[in-house]
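A quick write-up on the structure given underneath.
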């Protein structure tokens, strides 16, 4: 192997390492996660239970142990964003499932807004989920 061949082999090896190294160092980002409603219609009640799951969109698996630091329920889908309802977290019954008790006293469209930190990720996850309260 002469000098020119060694030079081309070395260049190809460096390109391969650069491309392979870039792929192996790729990590999940906060955009790879989302909350999903378990039910899109919930019976109206002063103690309605709203259940969501946190999903890793790449694998479709649920993500346990997120820290939810913000939750809000309002009637934005019906044009009444300022009409909020009390909401409080409930204990989870299974990993990756997050439950909330909300006061849904009138039927109509509601929006659940959540802010959370996912373990091992930087940044905050924010989702807005719409559902209906039924009579």
Starting from the Cα-Cα distance between residue 70 and residue 122, subtract it from 0.36 nm times their residue separation and give me the gain in nm to one decimal.
17.1 nm
Cut-off 16 Å, label 7 Å out along Cα→Cβ of residue 49, residues of the stretch 75-108 by amide N
88-104
So if I take the centroid of the Cα atoms in the stretch 107-135 and the same for the stretch 64-89, what is the distance between those two points in Å?
7
What list do you get for 129, 90, 54 if you sort them by fewest beta carbons within 10 Å?
90, 129, 54
Solution diffusion estimate, µm²/s, Stokes-Einstein, the stretch 30-134, Kirkwood Rh from C-alpha pairs, 4 °C, viscosity 1.567 mPa s
93
What spacing in nm lies between the two simple spin-label points modelled at residue 94 and residue 58, each 7 Å away from Cα in the Cβ direction?
2.4
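Values in this text are rule-based calculations from the coordinates and carry no lab data. Note that this is a predicted model, so its numbers are computed, not measured. Note: ideal-geometry Cβ built from the backbone for every residue, glycine included; neighbour counts use all protein chains shown.
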